[in-house]
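The structure under discussion appears below in the form of structure tokens.
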Amino acid sequence: MKNILIANPKGGSGKTTLATNLASYFAGQGYSVILSDLDRQQSSAQWLRRRPEVLPDIHLHSHKGKSAHLVKEWLIVDSPAGLREDKLSAAVKEADCVIVPVQPSAFDIGATRAFLEMLTQEKAVRKNKTFVAMVGMRVNGRTHAAQSLSDFMAQADFPVLTYLRNAQVYVTAAEQGLGIFDMRPSLVEQDLQQWMPLLSWILEATDDVSAT
């Protein structure tokens with residue numbers, strides 16, 4: 001089973017957007033996908049309940065063992081805000097890769113800076129057993145905030161995979177229980193292109209972990 005952890009202690013950073021869209025992508029590729037929603041608001045779980053039955057199945061992780069019989073090819077974890085210390089270490093240790101979403105605001109950048117410092121101290125990360133990368137979220141190009149985010153991420157110790165634009169298609173998809181990969185390609189052509197570096201990195205990172 002390949003395990004992707006979406007993590008940032010700052011609430012509203014875009015964790016659920018990444019988690020649900022990744023789940024829809026891998027399900028659409030024919031994989032068995034389990035979505036684990038650890039956040040108190042249960043946004044990913046609510047999204048999954050809205051998902052049309054005609055679309056590829058995504059299973060909600062049961063913490064009571066009911067999903068144990070499923071063949072788990074991909075586990076995508078939407079982590080809670082404030083993930084720290086022992087819970088953070090345990091989650092990172094179990095993950096093949098960690099994706100850190102960051103929004104272009106001073107509050108998000110400040111919270112993420114401290115979080116990235118914690119990740120660099122994690123044993124699994126230092127020994128290259130768990131890979132970490134960042135994604136810019138809800139970015140409007142050519143703005144001061146976008147430039148500040150770009151400057152911050154360029155100085156980080158982890159790779160920056162892509163910047164996802166602030167687009168209405170994500171709102172529409174969330175309301176309908178969809179990922180952008182479930183939508184008509186002509187409506188999301190620019191967004192799909194922005195996701196390609198992230199998907200390529202995940203596949204490469206999880207293959208590297210499997211090989212060790």
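Annotations for the structure displayed:
- In the stretch 32-49, the qualifying residues are those that are modelled with pLDDT of 95 or more and either farther than 15 Å from His61 by Cβ or among the β-branched types (Val, Ile, Thr) (or both), and the one that is surrounded by the most Cβ atoms within 10 Å (Cβ to Cβ) is Val33.
- Checklist (1) over 23 Å from Arg113 (Cα atoms); (2) in contact (Cβ under 8 Å) with a residue 12 or more places away in the chain; (3) not in a loop (DSSP other than H, G, I, E, B) applied to Leu178, failing item: (3)
- Subset tally (residues that are without any contact (Cβ under 8 Å) to a residue 24 or more places away in the chain, within 16 Å of the chain's Cα centre (by Cα) and outside any loop (DSSP other than H, G, I, E, B)) for the stretch 1-56: 1
- Filter result for Ala205 (closer than 19 Å to Val132 by Cβ, surrounded by 13 or more Cβ atoms within 10 Å (Cβ to Cβ), within 16 Å of the chain's Cα centre (by Cα) and of a type in the set (Gly, Ala, Ser)): yes
- Any hit, the stretch 151-162, residues being assigned to a helix (DSSP H, G or I), touching a residue at least 60 places away in the same chain (Cβ under 8 Å) and not aliphatic (A, V, I, L, M): no
- Number of positions in the stretch 93-138 that are within 17 Å of Leu161 (Cβ to Cβ), among the polar types (S, T, N, Q) and in a helix (DSSP H, G or I): 1
The values are calculated or read from the model by the stated rules, or taken from the named source; none is laboratory data. Here the structure is a predicted model, which means the values were calculated and not measured. Reconstructed Cβ throughout: ideal geometry from the backbone, glycine too, with neighbour counts over all protein chains shown.
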